[in-house]
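The values are calculated or read from the model by the stated rules, or taken from the named source; none is laboratory data. This one's a predicted model, so the numbers in the text were calculated from it and none came from an experiment. Here the Cβ positions follow ideal geometry from the backbone for every residue, glycine too, while neighbour counts run over all protein chains shown. Note: areas computed on protein heavy atoms with side chains; ligands, DNA, RNA excluded. Shrake-Rupley method; radii C 1.70, N 1.55, O 1.52, S 1.80 Å.
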Amino acid sequence: MTDEQLDLLLPSFLQGRPNTYTFTKALGENLLLNEAKDLPVAIFRPSIVGAAYKEPLPGWIDCFHGSAGIFVATGKGLIRTMCCARHGVFDLVPVDYVNNMLIAIGWITALNKTSQPLVYNYNTGTINPITYYKLYYCVTTSYLVNPFDEIFRRPYIMQCRPAFLWPYLHFIMHRIPGYLMDLILRVQGKKPMFTKIYGKLNKALNQLHFFTMRTWNLSHGNYDKLLSILSEEDRRTFPFDLASIDWKRYIEIFCMGTKKYLLKDNMSNLDRAR
């Protein structure tokens, strides 16, 4: 079967899902629910996983996937507008909290036999929400205080709503500056790169619109029950209480982590970068 034939068949496979990532996750969960009823397993659904809050080091992160790539592009001044619901909820959870809850789920699943795998939704939206407006205020403020060593423009985000304005704002705030910078690079005898960068960013941001224009209110009864079972000592050793996240502080830690662990900027040059 050719790639063109697969592209034609893909919508019928996805059944309304935005991409193959969400489709394959649904397949995996369906397999567990149907075939693993007699096994001690559970389904864990964390939302967008971000940098570490506390462990192994505050801000620790090792890849540009998900929110980290968007944060870096914002801090660099590459992204100036995003299509999102201004007061929509951005579901983000620290990676160390995710790991701690996964350990707790393994413990309780081994102790208690259930007739079918339990589903643990792990999302901040209905417990300790942060809106896109507050998120990008915290992100841009953090990068203004602690900037990268090299940036394209000062961090700033204009939230785009309604969606039909997105192509126009993207062209004005992304494409035109990219073309101008590539023209300057050509004049200097250097290889142009910004048109290619903005082409990739446009593709990535378009794929996010399905999520950034929506808010989901997911049940978290199993999370609440698990948290209530743990002793005070276990809660301190394996913290994953989403209500304990201080968003302003966590976003500062996250942004500093992208600077230190992803871009590996020289932290002693922070005053010069400012």
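Results, tabulated for the structure shown:
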| item | result |
| --- | --- |
| Beta bridge orientation in the chain: antiparallel %, DSSP, nearest 5 | 10 |
| Listed peptides 23-32, 174-183 by packing density, highest first (mean Cβ within 10 Å) | 174-183, 23-32 |
| Segment 93-227: radius of gyration over Cα atoms, expressed as a fraction of 2.2 N^0.38 Å | 1.52 |
| Accessible surface, 1.4 Å probe, highest first, among residues Met213, Met82 | Met213, Met82 |
| Protection proxy ranking of 215-224, 186-195 - average other beta-carbon atoms within 10 Å, highest first | 215-224, 186-195 |
| Orientation-averaged projected area, Cα convex hull of segment 1-52 (nm²) | 6.0 |
| Measure of compaction for segment 66-111 (Cα Rg per 2.2 N^0.38 Å) | 1.75 |
| Acute angle (nearest 10 degrees) that the helix 176-187 long axis makes with the longest principal axis of the chain, alpha-carbon atoms | 50 |
| Probe 1.4 Å, accessible area per residue of segment 201-274, Å² | 60 |
| Kirkwood-Stokes translational diffusion coefficient of the chain, alpha-carbon pairs, 10 °C, 1.306 mPa s, µm²/s | 76 |
| Computed E for Leu6/Arg86 - FRET, C-beta separation, R0 25 angstrom, nearest 0.05 | 0.10 |
| Convex hull volume of segment 157-204 per residue (C-alpha atoms, cubic angstrom) | 66 |
| Within straight-line cross-link reach of Lys248, lysines at Cα separation under 23 Å, skipping those fewer than 8 residues along the same chain | Lys54, Lys76, Lys134, Lys259, Lys260, Lys264 |
| Apportionment of accessible area to carbon and sulfur, segment 76-191, percent (1.4 Å) | 63 |
| Ellipsoid equivalent to segment 58-140 - semi-axes via the Cα gyration tensor, in Å | 32, 16, 10 |
| Hull shadow area, averaged, segment 1-111 [alpha-carbon convex hull, nm²] | 11.2 |
